[in-house]
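Colleague: This is the structure I have questions about; it appears just below.
Bear in mind that the values in this text are calculations on the coordinates, not laboratory data. Computed from a predicted structure; not experimentally measured. Don't worry about glycine lacking a Cβ; one is built from the backbone with ideal geometry, like all the others, and counts go over all protein chains shown.
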């Protein structure tokens with residue numbers, strides 16, 4: 001579970017959002033929606049402890065998120081829009097290093113099994129510099145399989161994926177959701193979010209446009225907010 | 001975790017070979033420029049050699065320092081480290097130590113050629129010289145790793161790094177040059193221990209500052 005209390009963030013003295021208070025429950029898959037520049041990715045980076053915020057408080061599984069407290073980041077895995085991995089290294093080396101940061105040591109065979117699970121077992125020793133965007137997305141999924149997390153912050157999980165990759169991502173998200181984990185996604189397709197997510201947060205006009213169950217949301221209202229006409 | 005972070009730094013350098021190759025190539029070119037452009041007596045050259053050497057090491061270290069954080073920006077890999085439950089001060093220490101290792105490797109290549117091409121006489125016992133090198137490298141890298149981390153997110157980080165680094169590293173450079181001169185002139189240690197103390201103090205102070213401030217440095 002992750003809880004934001006009165007979080008305010010500005011860029012160059014211009015507020016991005018003010019006094020944002022929202023709660024993401026365990027076992028829920030939440031989607032953050034909003035127009036370009038609404039602050040969706042920034043909000044995700046704030047919750048990951050990567051970006052500072054002016055005021056407010058964030059609690060991750062009951063622990064206040066603080067930059068000088070590494071344990072407050074233990075439960076969170078942030079997967080950004082960029083690969084977030086080391087281009088000179090292979091997929092196996094990247095996954096081994098990433099897992100090591102979270103206190104996990106995996107053997108090559110365990111990592112290769114995970115890579116084959118996401119369909120990346122053909123070039124495990126090549127530098128990831130040569131990977132396509134879709135392959136990179138699959139590698140991020142392998143990262144999420146290997147690292148122990150309670151809160152997953154995933155920015156645009158479907159970018160660059162083919163149909164098979166899309167189905168794989170959806171099935172993994174569903175299985176994590178059933179394990180009572182907290183999943184927070186930044187997505188652009190509100191119809192997908194309304195169909196697959198339990199909770200929607202729409203960032204609108206420097207605040208919250210909608211925060212609630214996706215089943216209670218009206219598609220046309222969400223669409224209007226995303227088009228900036230609400 | 002520190003050992004794992006250093007292993008990560010060295011593995012990435014082993015694969016990319018960007019830092020060491022550029023540092024060694026730059027160091028060698030400057031040694032050659034020095035060797036062919038100075039037409040002064042050997043006595044004058046020997047007087048200036050410690051200063052020339054440390055300026056060369058400072059410029060060489062800037063190349064390594066820039067790359068030390070620059071590769072983290074590519075693919076936003078830095079998010080992985082700072083988002084992980086890793087003490088951010090430890091990340092700074094790992095950068096400091098790995099930068100120090102790169103500098104030592106570059107010096108192993110540069111020093112013999114510096115002595116050879118400038119036809120310098122090195123008759124002093126080697127151990128105090130190694131001690132001065134150890135402290136000089138530690139001081140430059142303690143300040144450099146912190147400044148490089150600070151400059152990383154700036155748009156013109158390659159310009160900002162030397163602009164911020166050179167004024168801060170000046171006391172270290174003065175102290176290490178004075179100590180090297182005294183050592184090469186076979187002066188008794190008691191006459192130059194002051195410079196060694198200055199060097200050690202700067203290294204410890206900036207090492208502690210880096211460790212304590214690095215979580216603020218890393219946040220966007």
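Colleague: What share of all Cα pairs of the stretch B:13-107, in percent, falls into each consecutive 5 Å distance bin?
Modeller: 3, 11, 19, 19, 15, 11, 8, 6, 4, 3, 1, 0
Colleague: If R0 is 51 Å, what FRET efficiency do you get for residue A:14 and residue A:195 from their C-beta distance, rounded to 0.05? Could the numbers behind the result be given before it?
Modeller: Numbers: r = 34 Å, r/R0 = 0.67.
The calculated FRET efficiency here is 0.90.
Colleague: Compute the long axis of helix A:163-178 from its Cα atoms, compare it with the longest principal axis of the Cα atoms of chain A, and write down the angle in degrees, 0 to 90, nearest 10.
Modeller: 70 degrees
Colleague: Once both labels are modelled 7 Å past Cα along the beta-carbon direction, what's the residue B:158-residue A:171 spacing in nm?
Modeller: Simple spin-label model gives 4.7 nm for this pair.
Colleague: Given a Förster radius of 51 Å and the C-beta distance between residue A:104 and residue B:187 as r, what FRET efficiency does 1/(1 + (r/R0)^6) yield to the nearest 0.05?
Modeller: Details: r = 54 Å, r/R0 = 1.06.
Once the sixth-power term is evaluated, E becomes 0.40.
Colleague: How much FRET efficiency would the formula 1/(1 + (r/R0)^6) give for residue B:194 and residue B:15, where r is the Cβ-Cβ distance and R0 is 35 Å, rounded to 0.05? Could you put the intermediate results ahead of the total?
Modeller: Details: r = 43 Å, r/R0 = 1.24.
Calculated transfer efficiency: 0.20.
Colleague: Only counting other Cβ atoms within 10 Å, I'd like B:122, B:192, A:192 sorted with the fewest neighbours first.
Modeller: Details: B:122 11, B:192 20, A:192 15.
So the ranking, lowest neighbour count to highest, is B:122, A:192, B:192.
Colleague: Angle check, please: helix B:2-16 long axis (alpha carbons) against the longest principal axis of chain B (alpha carbons), in degrees 0 to 90, nearest 10.
Modeller: 80 degrees
Colleague: Fewest first, what order do B:163, A:202 take by the number of other Cβ atoms within 10 Å?
Modeller: On the way: B:163 11, A:202 25.
Final ranking by Cβ density, sparse to dense: B:163, A:202.
Colleague: Relative contact order, percent, of chain A when contacts are C-alpha pairs under 8 Å separated by at least 6 residues?
Modeller: Values: 423 pairs, mean separation 64.8, N = 230.
Relative contact order here is 28 percent.
Colleague: Report, in whole Å, the centroid distance computed from the Cα atoms of the stretch B:1-50 and the stretch A:8-57.
Modeller: 45 Å
Colleague: Oh, and also: Could you give the semi-axes, largest first, of the ellipsoid that matches chain B, computed as the square roots of 5 times the alpha carbon gyration tensor eigenvalues and rounded to whole Å?
Modeller: Values: eigenvalues 200, 73, 43 Å².
After diagonalising the Cα gyration tensor, the semi-axes are 32, 19, 15 Å.
Colleague: Still on this structure, I have one more. Taking N as the number of residues in the stretch A:84-148, what is its alpha-carbon radius of gyration divided by 2.2 N^0.38 Å? Provide the component values of the computation, followed by the final result.
Modeller: Details: Rg = 10.3 Å, N = 65, 2.2 N^0.38 = 10.7 Å.
Compared with the compact-globule rule of thumb, the stretch A:84-148 sits at 0.96.
Colleague: I've got another one for you. With N residues in chain A, what two-decimal value do you get for its Cα radius of gyration over 2.2 N^0.38 Å?
Modeller: Details: Rg = 17.6 Å, N = 230, 2.2 N^0.38 = 17.4 Å.
Scaled against compact globular proteins, the figure is 1.01.
Colleague: Sticking with this structure for a sec: To make sure I understand, if each residue's beta carbon is the centre and we count other beta carbons within 10 Å, what order do B:60, B:123, A:8 fall in, fewest to most? Provide the component values of the computation, followed by the final result.
Modeller: Details: B:60 24, B:123 6, A:8 15.
Arranged by neighbour count, lowest to highest, B:60, B:123, A:8 become B:123, A:8, B:60.
Colleague: Here's something else I'd like to know. At each listed q (0.12, 0.14, 0.20, 0.23 Å⁻¹), what is the log10 of I(q)/I(0) that the Debye formula gives for the stretch B:93-220 modelled as equal alpha-carbon point scatterers?
Modeller: Those come out to -0.51, -0.68, -1.18, -1.38, one per q.
Colleague: Based on DSSP, what percent of beta bridges with both residues in the protein assembly as shown are antiparallel, to the nearest 5? Before the final figure, lay out the partial values.
Modeller: Numbers: 21 of 39 bridges.
Antiparallel: roughly 55 percent of the beta bridges in the protein assembly as shown.
Colleague: Considering all projection directions equally, how large on average is the shadow of the alpha-carbon convex hull of the stretch A:81-203, in square nanometres? Working shown, then result.
Modeller: Values: hull surface 30.7 nm².
Dividing the Cα hull surface by four gives the mean projection, 7.7 nm².
Colleague: Which percent of Cα-Cα pairs in the protein assembly as shown sits in each 20 Å bin, short to long?
Modeller: 23, 46, 23, 7, 0
Colleague: Expressed as an acute angle from 0 to 90° and rounded to the nearest 10, what is the orientation of the C-alpha long axis of helix A:91-101 relative to the principal long axis of chain A?
Modeller: Relative to chain A, helix A:91-101 is tipped by roughly 60 degrees.
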